[in-house]
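The values are calculated or read from the model by the stated rules, or taken from the named source; none is laboratory data. Predicted, not measured: the structure shown is a model, and the values here were computed from it. As a convention, Cβ positions derive from the backbone with ideal geometry for all residues, glycine included, and neighbour counts pool all protein chains shown. Heavy atoms of the whole protein, side chains included, go into the accessibility calculation; ligands, DNA and RNA do not. Shrake-Rupley method; radii C 1.70, N 1.55, O 1.52, S 1.80 Å.
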Amino acid sequence: RDMTHEEVLDVVDASGLAGRGGAGFPTARKWRAVREAEGGPKTIICNADEGEPGCFKDRVLMDHDPHAVLEGMAIAGHATGAERGFIYLRYEYPHTQVILEQAVEEAREVLGEFKVCVRRGAGAYICGEETSLLNSLEGKHPFPRNRPPYPVTHGFEDTPTAVNNVETLASVAPILAKGAEWYAGLGHGEHKGTKIISLSGDVMRPGNYEVPIGLPLTTLLNDWAGGPREGRSFQAVTMAGLSGGFLGAEDLDATLDEPCLRAKGSFLGAGGVMVFDDTRDIVEVARQAMSFFAHESCGKCFPCRIGTERITERLSGEAGPVEAGEWKDEIHAIGHVMSETSACGLGIAAPLI
């Protein structure tokens, strides 16, 4: 309360905090755009629709420290001039809804005129995409919106809106309390801050790990998480849940930061890492992943709607036998069209599988 909105924006900007839900957009830049946008009332939305397979960090944050999320929303409201906030909660987290609503009641006096409501999601993966979330929150069909215009100027009810992930908002209060330099210094090398990784699969100690940005992946897998099961070796890991695709054993020298992972054709995203050892049939794993994307495609654009189905058929053998080279070429060609022409991140990311 003692800091002006400009002071808050400057500290968050200097900390290097960026979106922890997948996109990695600088948080202060988004808030400043909402602050400077015309119209209102302005809105802060916490994207708690944690539907990415292999991601379970947001639920832990909300269950064990819901007030950290509310503090982040209130600070965002102060920085942007927003008068209201919504927590869009994944449909499959009913227990968390009770915790959040109790926390909102406990924080009424602290929140003051900034009003926060919890809204349960629509039970669809696509609602994690911010413009689909906005449509769902307005009671519309959760199709992704065409951009521009962007939510920072035309978001909820066509007013300036900042949509931030749970982890992003939970990081804000500690940054203001301890300073931008402290948070930035937590990263490795030139990287700033930390990231919570949801680690699961064929590893000895799965769980949530808060890691410095830039940490070597092998350090996480072998030193922190205990390595593979006895007598086994790592065959592949997924990045960003399923959306970042697979990294093979030859790419496990990667570091956990966007530049390194994007150079290998993947991205860190929401931070879900699923581990597969040498007992797994990776083609079958890829088929299951693509089948999931086909089921969750909203159907708005035909590259995603049809492409996910065709790739699923090819991976399952339903499309008939072809030569190995043609099989791969066909999938790559479909994936290229999807990544170049799909309306939202689902169709763009699915071909990375």
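Sort out which residues of segment 217-230 are open to solvent by 40 Å² or more (accessible area, probe 1.4 Å) and not β-branched (Val, Ile, Thr), and write them in order of number. Of everything in segment 217-230, those that are open to solvent by 40 Å² or more (accessible area, probe 1.4 Å) and not β-branched (Val, Ile, Thr) turn out to be ASN222, ASP223, TRP224, ARG229, GLU230.
The residues on offer are ALA14, ALA76, and the sole one that is surrounded by fewer than 22 Cβ atoms within 10 Å (Cβ to Cβ) and in a helix (DSSP H, G or I) is ALA14. Checking each residue in segment 197-209 for being closer than 14 Å to MET239 by Cα and either polar (S, T, N, Q) or within 16 Å of the chain's Cα centre (by Cα) (or both) picks out ILE197, SER198, LEU199, SER200. Of the residues GLU258, GLU326, GLU250, only one is under 18 Å from the mean Cα position of the chain (by Cα) and either among the basic types (Lys, Arg) or surrounded by fewer than 19 Cβ atoms within 10 Å (Cβ to Cβ) (or both); which? Selected residue: GLU258, the only one of GLU258, GLU326, GLU250 that is under 18 Å from the mean Cα position of the chain (by Cα) and either among the basic types (Lys, Arg) or surrounded by fewer than 19 Cβ atoms within 10 Å (Cβ to Cβ) (or both).
Which number in (1) more than 18 Å from the chain's Cα centre (by Cα); (2) open to solvent by 20 Å² or more (accessible area, probe 1.4 Å); (3) under 26 Å from GLY54 (Cβ atoms); (4) not charged (D, E, K, R) marks the one condition that PRO212 misses? All conditions are met except number (1). Within segment 119-135, the set of residues being touching a helix residue (DSSP H, G or I) at 6+ places or on another chain (Cβ under 6 Å), surrounded by 22 or more Cβ atoms within 10 Å (Cβ to Cβ) and of a type in the set (Gly, Ala, Ser) comprises GLY121, SER132.
Tallying residues that are part of a helix (DSSP H, G or I) and either open to solvent by 10 Å² or more (accessible area, probe 1.4 Å) or over 14 Å from SER171 (Cβ atoms) (or both) within segment 63-73 yields 6.
For the criterion of being buried (at least 21 other Cβ atoms within 10 Å of the Cβ) and more than 18 Å from the chain's Cα centre (by Cα), VAL116 passes. Tell me yes or no: at least one residue of segment 25-36 is surrounded by fewer than 20 Cβ atoms within 10 Å (Cβ to Cβ), without any contact (Cβ under 8 Å) to a residue 40 or more places away in the chain and over 28 Å from GLY244 (Cβ atoms). Taking every residue of segment 25-36 in turn, at least one turns out to be surrounded by fewer than 20 Cβ atoms within 10 Å (Cβ to Cβ), without any contact (Cβ under 8 Å) to a residue 40 or more places away in the chain and over 28 Å from GLY244 (Cβ atoms).
In segment 271-282, the residue that is nearest to GLY54 (Cα to Cα) out of those that are open to solvent by 20 Å² or more (accessible area, probe 1.4 Å) and not aromatic (Phe, Trp, Tyr) is MET274.
Applying the criterion of being among the aliphatic types (A, V, I, L, M) and touching a strand residue (DSSP E or B) at 6+ places or on another chain (Cβ under 7 Å) to the residues of segment 37-49, the residue that is surrounded by the fewest Cβ atoms within 10 Å (Cβ to Cβ) is ILE45.
Of all residue pairs spaced 6 or more apart or on separate chains, those with beta-carbon atoms under 7 Å, a first member in segment 182-210 that is farther than 19 Å from ASP257 by Cβ and touching a residue at least 12 places away in the same chain (Cβ under 8 Å) and a second member that is open to solvent by 80 Å² or more (accessible area, probe 1.4 Å) and basic (Lys, Arg) are ASP202/ARG229; ASP202/ARG232; MET204/ARG229. Kindly check whether there is at least one residue in segment 324-347 that is polar (S, T, N, Q) and outside any helix (DSSP H, G or I). Checking segment 324-347: at least one residue is polar (S, T, N, Q) and outside any helix (DSSP H, G or I). Listed by first and then second residue, the pairs linking a residue in segment 332-353 that is within 13 Å of PHE302 (Cβ to Cβ) and surrounded by fewer than 18 Cβ atoms within 10 Å (Cβ to Cβ) to a residue that is at pLDDT below 95 and among the hydrophobic types (A, V, I, L, M, F, W, C), with Cβ atoms under 8 Å apart and 6 or more places separating them unless they lie on different chains, are THR341/CYS301. Yes or no: GLN97 exposed (fewer than 15 other Cβ atoms within 10 Å of the Cβ) and polar (S, T, N, Q)? No; evaluated as a whole, the condition is false for this residue.
Applying a threshold of 9 Å to beta carbon distances and a minimum spacing of six or more residues, or different chains, the list of pairs starting in segment 96-113 at a residue that is within 9 Å of MET62 (Cβ to Cβ) and ending at one that is part of a helix (DSSP H, G or I) and among the hydrophobic types (A, V, I, L, M, F, W, C) reads THR96/MET62; ILE99/MET62; LEU100/MET62; LEU100/VAL69; LEU100/LEU70; ALA103/MET62; ALA103/VAL69; ALA103/LEU70.
Per the listing ALA23, ALA28, ALA48, the residue uniquely under 26 Å from ILE197 (Cα atoms), in contact with an Asp or Glu (Cβ under 9 Å, 6 or more places away or on another chain), at pLDDT below 95 and aliphatic (A, V, I, L, M) is ALA23. Of all residues in segment 166-189, those being open to solvent by less than 20 Å² (accessible area, probe 1.4 Å) and farther than 22 Å from MET3 by Cα number 3. In the condition set (1) out of contact with any strand residue (DSSP E or B) (no Cβ under 6 Å at 6 or more places or on another chain); (2) modelled with pLDDT under 95, THR279 is compliant with all but (2).
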